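A short worksheet on the structure shown next.
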Amino acid sequence: MTRVPSTARTALALAIGLTVILAPACSDDPLDPGPAEPAEPAIPEPPDPGPGDSIIVPPRSASAEAAVVEKSNVFAWDLLAAAMAADPEENVLVSPLSASMALGMALNGARGATYDQMQATLGFADVAPDTINNGYRGLMTSLPAADSTVNTQIANSAWYRDGFEVEPGFLNTVRAFFDATVAGLDFSNASAVDTMNQWVSEKTNGRIESIIEPPIDSRTVLFLINAVYFKGPWRHAFDPAKTTDAPFHIAEGESESIPMMDQTREFPHGRDGSLQIVDLSFGEGAFAMTVLVPGNGSNIDGEIGSMDETRWESILEKMTTRRVRVVLPRFRVEYDKSLKETLQSLGMTDAFLPNVADFTGISATPPPLYISEVKQKTFVEVSEEGAEAAGSTSVGIGVTSLPPSVIADRPFAYLIRERESGAILFAGALGRPPGEE
């Protein structure tokens, strides 16, 4: 495969910080001191990833990772649709992978109906706990190694209040399967917030500078934090000389001007009714940005609302590589949102209810725990950059008919996914020009 020149700049950078915050059902404070943090278990070394430019994901039918991806993509479409419905005026950007991993850590401490609801919401209703955990462990290894020209980082952490009694088995599990950093902190000290935010900033290359707001509520006893970072060069860069300001047609007939990038070449392309789909590869091709643009008579809210894993797999199977004109906005979006109501709308209700939630797998010591908040911050920047801007001026020469055009000049959706596993790292919808900084 052709490598992107090392001098190329970034085409797209994405980062997310997500935290699950747990608190006891009553506000008794201070908490009695508990035992010291358990010693780390022996964790087997991950398999040798092989050459940096190879895709090492095992066959989907034979791995726990494949089972987790298949089921969690059901959650991905549900999460994106629910977020869009909850925020119809916003440019939504969520990371199904990050949300799934952070909640997957909490799932290991859930019991009874709380576990059942969380398992179903995450798409794992018929998946054994060991398979879920092994699948997450596989993704932690395979996704960062899938393409040496793309920077993909996934990190997890668990931070508990000094003196709070955490079940050793829970901490052992998040270490072993999620490679989580585990530490106790004095939550009454401002330095605890700084420590957690610094961790998030480092794991997202500074794109998410903070996710914990001071002061920490006296009832909060545990933070489960996931961070995902992605930065990749386009495999085929857009020529900046061809970027021009053009109208972006917002719903209700309104339009605003936005810089539109433009190129014509061979891309994987497909249709499903009036919906057009095109794949834009990064680096050596393991990762792609998939753009979904509705046609006349439909809208992106309706298209995403009716999307499920069966329809998605059918779309991917029908895609063929052909010459396509792609017109895509250059944009930057930052998104900061509580996912609490979104997750409740998907059926995960008991986990957020004091004296109803059952997280005795995290701590069996009274008072009982519940999830007080699930907070997410995301960042995306899409531009022409990522390869040398040269030699792409032969538009349409020698063809007898115009190639199909995917012109994202109206509200559209986009995914960042790893092709071999099918994992959806990020999912967003651009409803209006966000402006540029």
Give Glu213, Glu202 a once-over and let me know the one that is closer than 27 Å to Thr141 by Cβ, free of Cβ contacts under 8 Å to residues at least 24 places away in the same chain and not in a strand (DSSP E or B). Glu202
Residues within the stretch 153-175 that are surrounded by fewer than 22 Cβ atoms within 10 Å (Cβ to Cβ) and among the hydroxyl-bearing types (Ser, Thr, Tyr), tallied: 1
Filter the stretch 231-260 for residues that are more than 22 Å from Glu90 (Cα to Cα) and either among the hydrophobic types (A, V, I, L, M, F, W, C) or surrounded by 14 or more Cβ atoms within 10 Å (Cβ to Cβ) (or both) and give the result. Lys231, Gly232, Pro233, Trp234, Arg235, His236, Ala237, Phe238, Asp239, Ala241, Lys242, Thr243
Where Arg9 falls short, out of the listed (1) closer than 25 Å to Arg417 by Cβ; (2) in contact with a strand residue (DSSP E or B) (Cβ under 8 Å, 6 or more places away or on another chain); (3) at pLDDT below 90: (2)
The correct count of residues that are part of a helix (DSSP H, G or I) and touching a Lys or Arg at 6+ places or on another chain (Cβ under 9 Å) in the stretch 132-155 is 2
Taking the residues in the stretch 79-128 that are of a type in the set (Ser, Thr, Tyr) and in a helix (DSSP H, G or I) as candidates, determine which candidate is surrounded by the most Cβ atoms within 10 Å (Cβ to Cβ). Ser100
Any residue in the stretch 119-126 that is closer than 22 Å to Ala227 by Cα and in contact with a strand residue (DSSP E or B) (Cβ under 7 Å, 6 or more places away or on another chain)? no
Could you say which residue among Ala158, Ala237, Ala176 is out of contact with any Gly (no Cβ under 6 Å at 6 or more places or on another chain), in contact (Cβ under 8 Å) with a residue 12 or more places away in the chain, among the aliphatic types (A, V, I, L, M) and outside any helix (DSSP H, G or I)? Ala158
Can you tell me how many residues within the stretch 176-207 are within 25 Å of the chain's Cα centre (by Cα) and either surrounded by 18 or more Cβ atoms within 10 Å (Cβ to Cβ) or at negative phi (or both)? 20
Could you list, in sequence order, all residues of the stretch 164-216 that are under 23 Å from Asn108 (Cα atoms), of a type in the set (Gly, Ala, Ser) and out of contact with any strand residue (DSSP E or B) (no Cβ under 9 Å at 6 or more places or on another chain)? Gly169, Ala176
Number of positions in the stretch 256-266 that are out of contact with any Phe, Trp or Tyr (no Cβ under 6 Å at 6 or more places or on another chain) and either free of Cβ contacts under 8 Å to residues at least 60 places away in the same chain or over 29 Å from Ser314 (Cβ atoms) (or both): 5
Quick check: anything in the stretch 210-227 closer than 25 Å to Arg432 by Cβ and either surrounded by 20 or more Cβ atoms within 10 Å (Cβ to Cβ) or among the aliphatic types (A, V, I, L, M) (or both)? no
May I ask you to list the residues in the stretch 94-107 that are over 9 Å from the mean Cα position of the chain (by Cα) and more than 14 Å from Val68 (Cβ to Cβ)? Ala102, Ala106
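The values are calculated or read from the model by the stated rules, or taken from the named source; none is laboratory data. Since this is a predicted model, take the numbers as computed values, not measurements. Backbone-built Cβ (ideal geometry, glycine too); neighbour counts: all protein chains shown.
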